[in-house]
Amino acid sequence: MRTVGVVGLGYVGLPLAVAFAQAGCEVVAVDVDSRRVAAIAAGSSYVEDVGEEDLAGVAERLRVSTRYAQLARCEAVLLCLPTPLTANREPDLGPLTDATRALGEVLQAGQLVVLESTTYPGTTRERVAPLLEESGLAAGRDFHLAFSPERVDPGRTDYTLRNTPKIVGGLTAGCLQRALELYGLICDDVRTVSSPEAAELSKLLENIFRSVNIALVNELSMLTDRMGIDIWEVVDAAASKPYGFMRFEPGPGMGGHCLPVDPFYLSWRAREFDMATEFIELAGKINQQMPYHCVAKAQRALNERGMSVKGARVLIVGVAYKPGVGDVRESPALKIVSLLRELGADVSYHDPHVPVLGELGLESVALEDALRDSDLAVIVTAHPGVDHELIARRARLVLDLRGVTRAAEVANGTTNVVRL
Ligand SMILES: NC(=O)c1ccc[n+]([C@@H]2O[C@H](COP(=O)([O-])OP(=O)(O)OC[C@H]3O[C@@H](n4cnc5c(N)ncnc54)[C@H](O)[C@@H]3O)[C@@H](O)[C@H]2O)c1
């Protein structure tokens with residue numbers, strides 16, 4: 001049986017570990033977070049895309065630990081560490097370098113190491129390789145090293161690890177060949193690029209593409225607000241073009257671990273090459289403005305009904321950063337709650353995926369009761385299964401930041417809905 005190691009059991013690492021175990025490999029899965037390790041050992045999942053039945057199905061082949069020692073017997077080890085920004089918005093490779101150093105201490109000749117974390121071009125060669133070489137083994141000669149970006153989209157079921165093409169770039173031709181064979185076990189379509197740097201940058205291009213296009217439609221939504229044009233109608237009309245246009249929706253800003261963070265890995269790296277990556281900076285600036293714009297809209301909507309934000313009871317519907325998941329990292333909802341509170345609003349929230357918002361001292365409330373008790377309901381994230389028509393019907397006033405009440409509004413002829 002083949003043995004594969006995974007370091008970092010988050011949104012990326014845990015599904016990968018389960019996929020290799022489902023493909024018949026023995027998996028050694030390592031995380032520094034002992035609560036996560038205990039949860040998986042007990043068969044309980046904290047990642048939506050991994051069901052408890054998935055964990056039960058691979059329990060025999062999935063060994064979890066906080067210790068690196070067992071990674072020594074793996075033929076390949078995948079690094080799935082977080083790559084956040086520091087307070088100064090510079091790359092924080094701390095978790096990655098800590099993990100790489102720890103892996104270096106147990107590294108064996110003949111092993112393949114693959115980095116999956118999103119990062120700037122050059123990380124695999126310039127940061128990971130030297131740390132692993134402190135073991136005395138040489139990258140490309142004694143062990144193989146590659147980069148393969150994770151493309152998981154949490155909550156998505158049509159494109160999975162199996163049917164999403166996987167990109168791989170190796171330090172040498174031998175490294176690439178090993179990585180191709182490895183990912184062939186869990187992916188139907190593995191594509192190669194000529195270097196780890198090309199693979200690293202391909203992932204950043206994907207994320208920057210989204211960030212820039214979201215910013216474009218967000219900027220237009222601020223303009224259409226002033227012009228009295230419905231941005232949703234405009235996007236629908238433009239999206240009817242069968243070629244040369246890709247639909248992006250306006251919204252309250254960007255959230256999650258990737259889009260608000262990853263592009264700045266490239267801006268930072270670009271400065272070394274005397275380049276300012278203006279699209280990235282501009283998109284970041286516009287997307288960061290959106291929560292402020294949305295709160296100003298809430299303020300105006302209340303004002304038109306003779307109410308001030310101060311003392312208003314505001315219900316936020318959906319606080320996760322995107323539909324169908326419980327992840328609130330960098331979610332614009334958090335900023336919107338803080339801004340409304342600063343203005344004196346009494347804020348509550350409803351989110352079936354997020355029972356508690358510890359940092360804001362809030363717990364999710366029952367939707368129907370809360371609608372009755374609120375002056376304004378703000379739809380920040382439109383989870384499937386939440387009845388947005390009911391919200392449009394029952395709430396005194398609705399601010400819809402996701403365009404999900406449009407059908408209800410037409411059907412009911414309601415005038416209590418304001419949209420982005
Ligand atoms: N979440 C996504 O949708 C997504 C998609 C594509 C790519 N990525 C990228 O993949 C990488 C991982 O993201 P994630 O969302 O899985 O992060 P995560 O925070 O969910 O998981 C990372 C895990 O690494 C563990 N960890 C931290 N330091 C460690 C160490 N020294 N040793 C062992 N474990 C350690 C943490 O405890 C955590 O469980 C990031 O670079 C991210 O940008 C994420």
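The values are calculated or read from the model by the stated rules, or taken from the named source; none is laboratory data. None of the values given here were measured: they were computed from a predicted structure. Cβ placement follows ideal geometry from the backbone for every residue including glycine, while neighbour counts extend to all protein chains displayed. The protein model used for the area step is the full one, side chains on, heavy atoms only, and it has no ligands, DNA or RNA in it. Shrake-Rupley method; radii C 1.70, N 1.55, O 1.52, S 1.80 Å.
These residues, M222, M1, M290, go from largest to smallest accessible area, 1.4 Å probe, as M1, M222, M290.
For the chain, a simple Cβ point-charge model (Lys and Arg +1, Asp and Glu -1, everything else neutral) yields a dipole of about 420 debye relative to the Cα centre.
Within the chain, antiparallel bridges make up roughly 10 percent of the DSSP beta bridges whose residues both belong there. In order along segment 231-244, the phi-based Karplus estimate (6.51 cos²θ - 1.76 cosθ + 1.60, θ = phi - 60°) of 3J(HN,Hα) comes to 4, 5, 5, 5, 5, 4, 5, 5, 6, 6, 6, x, 8, x Hz; Gly and Pro are listed as x.
Largest to smallest in accessible area, the residues I229, I286, I316 fall in the order I229, I286, I316 (1.4 Å probe, all protein chains included). Which of rounded, prolate, oblate describes segment 1-142, given a ≥ b ≥ c as roots of the alpha-carbon gyration tensor eigenvalues and a/c under 1.5 marking rounded, otherwise prolate only if a/b is larger than b/c? Here segment 1-142 falls in the oblate category. Please enumerate, by chain and number, the aspartates and glutamates with C-alpha under 14 Å from the C-alpha of K310, excluding those fewer than 8 residues away in the same chain. Reachable aspartates and glutamates: E342, D346, D375. Given their separation in residues at 0.36 nm each and the Cα-Cα distance between them, Y46 and F273 gain 77.7 nm when the chain is fully extended.
Annotation note: GluC sites (Glu not before Pro) in segment 26-79 located in DSSP loop regions with a Cβ neighbour count of at most 11 within 10 Å are E60. Calculated accessible area for the chain comes out at 45 Å² per residue, all protein chains present (probe 1.4 Å; ligands, DNA, RNA ignored). Only one residue of V27, V417, V328 has its Cα farthest out toward the positive end of the dipole of the chain, where Lys and Arg carry +1 and Asp and Glu -1 on Cβ, and that residue is V417. Loop-resident GluC sites (Glu not before Pro) (DSSP state other than H, G, I, E or B) in segment 259-309 with no more than 16 further Cβ atoms inside 10 Å of their Cβ: E272. Under 24 Å of direct C-alpha separation, and excluding same-chain neighbours fewer than eight residues apart, K322 reaches these lysines: K166, K203, K285, K297, K335.
The string of couplings for segment 40-52 from the Karplus curve (6.51, -1.76, 1.60, θ = phi - 60°) is 5, 4, 8, x, 10, 9, 10, 10, 3, 6, 10, x, 5 Hz, one whole number per residue in order, with x for Gly and Pro. The listed residues C258, C80, once ranked by accessible area (1.4 Å probe) with the largest placed first, stand as C258, C80. Extending 7 Å from Cα along the Cβ direction at R141 and again at M1 yields two label points whose distance is 3.6 nm. Loop sites by DSSP among the trypsin sites (Lys or Arg not before Pro) of the chain, restricted to those with at most 15 other Cβ atoms within 10 angstrom, leave 311-395 as the longest stretch without any of them.
A DSSP coil position with no more than 15 other Cβ atoms inside 10 Å describes the following chymotrypsin sites (Phe, Trp or Tyr not before Pro) in segment 244-339: F245, F273. Taking a ≥ b ≥ c as the square roots of the eigenvalues of the Cα gyration tensor, segment 236-318 is oblate, since a/c reaches 1.5 or more and a/b is not larger than b/c. The angle separating the long axis of helix 332-342 from the principal Cα axis of greatest extent in the chain is about 50 degrees.
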